[in-house]
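Engineer: Here you go, one structure.
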Amino acid sequence: MLVIQNLSQLRQYREQKGSIALVPTLGNLHEGHLSLVRHALNEGERVLVSIFVNPLQFGAGEDFERYPRTLEADFAKLESIGTDAVFTPDLSMLYPFRQTVLIRPSDLASDLCGVTRPGHFAGVATVVLKLFNLARPEVALFGKKDYQQLFIIQEMVEQLNVPVRIVGIETVRDLDGLALSSRNSYLSVSERAEAPMLYATLQDVVQKISSGKDGYEMLCEAATRKMRDKGWQVEYVTVRDSDTLQLPEQGCNRLVILAAVWIGKTRLIDNIEFICD
Ligand code: PAF
């Protein structure tokens, strides 16, 4: 596996033959990332994974400093599944100047996770566009666990005519249902034991809606209460139109339920897409 550490190496790699499928990551890779890479192997002739903990998407007081950096272990995992190349830029490579030009995503960026993480999606969109401009992939893959992020990147690509095809990949879960996330490693043993309740609670709401219950708001409020009773802090639980991420209009049947909660000092997000006939 080729390790690309600077822009001239990236240029050389780019100029070789074969379409590039890019998997942008923050590193600390788990099965969720590896699933993106496995799908990428079918999408492009060459698979490039980027590992960069992007300061621009972390707010003041967030976990930028303590975000797990596990480069050697990440390389071993990527190599074992046939990744072609990994790009590990440092800060000065992606941000040689103070970044005064930013992508401003649509208003959706200040909804859902954007309510408590102002500027987060502008930081994500900006670094993703930089990676696209540097690596010039034909296709890029992102996990559906970060549903709002995927949506915002798709919007950016469509509205700015960026010639990259975006592919969303299903969330990978532990056997008990907890969505894989690098932040799961922050959970204590007892927090980890109760964390699957997030997915279970969302599943319960989906099941109620699918069996004919309406009043999405009331169902989400009940789910919120249930998780608060556990001592969790709930940022939101909401049912949205999965095509627009707006509140569903009458008759909309393509839905997604999304949630963000804090278990102790760990913020977790999850979602389930579903069709309700
Ligand atoms: O989802 C992530 O890991 C990050 O937000 C991304 C897309 C790599 C941008 O830094």
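The values are calculated or read from the model by the stated rules, or taken from the named source; none is laboratory data. All figures in this text were calculated on a predicted structure; none of them were measured in a lab. Because the Cβ atoms are built from the backbone with ideal geometry, glycine has one as well, and the counts that use them run over all protein chains shown. These area figures cover heavy atoms from the full protein model, side chains too; ligands, DNA and RNA do not enter into them. Shrake-Rupley method; radii C 1.70, N 1.55, O 1.52, S 1.80 Å.
Engineer: If Asp214 satisfies all but one of (1) open to solvent by less than 60 Å² (accessible area, probe 1.4 Å); (2) assigned to a loop (DSSP other than H, G, I, E, B), what's the number of the condition it fails?
Structural biologist: With (1) open to solvent by less than 60 Å² (accessible area, probe 1.4 Å); (2) assigned to a loop (DSSP other than H, G, I, E, B) applied to Asp214, the lone miss is (1).
Engineer: Starting from residues that are without any contact (Cβ under 8 Å) to a residue 40 or more places away in the chain and farther than 20 Å from Gln12 by Cβ, keep the ones in region 123-140 and report whichever is nearest to the chain's Cα centre (by Cα).
Structural biologist: Going through the qualifying residues, I end up with Ala125.
Engineer: Quick one: which residue in Ser50, Ser35, Ser110, Ser106 is free of Cβ contacts under 8 Å to residues at least 12 places away in the same chain and closer than 25 Å to Phe151 by Cβ?
Structural biologist: Ser110
Engineer: Being within 14 Å of the ligand (Cβ to nearest atom) and either in a loop (DSSP other than H, G, I, E, B) or in contact with a Cys (Cβ under 7 Å, 6 or more places away or on another chain) (or both) is the filter here, so list the residues in region 143-161 that pass it.
Structural biologist: Residue satisfying the conditions is Gln148 alone.
Engineer: Just to verify a result, which residue in region 12-36, among those that are buried (at least 20 other Cβ atoms within 10 Å of the Cβ) and away from the ligand (no atom under 14 Å from the Cβ), is nearest to Val53 (Cα to Cα)?
Structural biologist: Among them, the one singled out is Ala21.
Engineer: Restricting to region 191-210, count the residues that are of a type in the set (Gly, Ala, Ser) and under 15 Å from Trp262 (Cβ atoms).
Structural biologist: Number satisfying all stated conditions: 1.
Engineer: Just for region 37-50: of the residues that are of a type in the set (A, V, I, L, M) and within 23 Å of Ser185 (Cα to Cα), which one is nearest to the ligand (Cβ to nearest atom)?
Structural biologist: Val49
Engineer: Condition first: crowded, with 22+ Cβ neighbours inside 10 Å and among the β-branched types (Val, Ile, Thr). Now tell me which residues in region 95-125 satisfy that.
Structural biologist: Val124 - this is the single residue of region 95-125 that is crowded, with 22+ Cβ neighbours inside 10 Å and among the β-branched types (Val, Ile, Thr).
Engineer: If you don't mind, another one. For region 101-123, indicate whether the set of residues that are away from the ligand (no atom under 16 Å from the Cβ) and aromatic (Phe, Trp, Tyr) is non-empty.
Structural biologist: no
Engineer: Considering only residues that are closer than 20 Å to Ile269 by Cβ, outside any helix (DSSP H, G or I) and open to solvent by 90 Å² or more (accessible area, probe 1.4 Å), which ones fall in region 217-253?
Structural biologist: Residues satisfying the conditions are Lys230, Gln233, Gln246, Leu247.
Engineer: Return the total of residues in region 126-161 being more than 21 Å from Asn271 (Cβ to Cβ), open to solvent by 20 Å² or more (accessible area, probe 1.4 Å) and aliphatic (A, V, I, L, M).
Structural biologist: 3
Engineer: Would you pick out the residues in region 54-81 that are within 13 Å of the ligand (Cβ to nearest atom) and surrounded by 18 or more Cβ atoms within 10 Å (Cβ to Cβ)?
Structural biologist: Residues satisfying the conditions are Asn54, Leu56, Gln57, Phe58, Asp74.
Engineer: Anything in region 255-268 that is open to solvent by 30 Å² or more (accessible area, probe 1.4 Å) and in contact with a strand residue (DSSP E or B) (Cβ under 6 Å, 6 or more places away or on another chain)? List them, or say none.
Structural biologist: Trp262
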